[in-house]
Amino acid sequence: MILAIGHQKLVTDLNEGLRRVREYSLPKEYARMQDGGYPGSMLAKTLIIHLDPTARINVILVPETLGF
């Protein structure tokens with residue numbers, strides 16, 4: 001699995017990351033969905049990877065804004 005992540009998504013800890021999802025990304029995604037004629041969006045499932053002993057996950061940090 002390869003994850004391409006925009007630099008704006010870096011945070012200092014897990015709590016800050018979860019807060020960013022709830023308070024910043026979710027409202028923007030909600031508005032985007034409504035603009036497209038859908039009822040909105042909700043935070044239903046969150047994947048947190050603590051360790052990848054198989055080393056099958058690669059993260060590419062992109063020095064530009066990707067997504068929210």
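Points to keep in mind about this one:
- Residue satisfying all of: in the range 36-68; open to solvent by less than 80 Å² (accessible area, probe 1.4 Å), outside any strand (DSSP E or B) and touching a residue at least 24 places away in the same chain (Cβ under 8 Å); farthest from Ile2 (Cα to Cα) among these: Phe68
- The range 1-55, residues that are of a type outside the set (Gly, Ala, Ser) and touching a helix residue (DSSP H, G or I) at 6+ places or on another chain (Cβ under 6 Å): Val11, Leu43
- The range 6-34 - residue that is assigned to a helix (DSSP H, G or I) and more than 19 Å from Ala44 (Cβ to Cβ) and, of those, most open to solvent (accessible area, probe 1.4 Å): Asn15
The values are calculated or read from the model by the stated rules, or taken from the named source; none is laboratory data. None of these values were measured; they are calculated from a predicted model. No Cβ is skipped: glycine too gets one built from the backbone with ideal geometry, and neighbour counts run over all protein chains shown. The accessibility values were calculated without ligands, DNA or RNA, using every heavy atom of the protein model including side chains. Shrake-Rupley method; radii C 1.70, N 1.55, O 1.52, S 1.80 Å.
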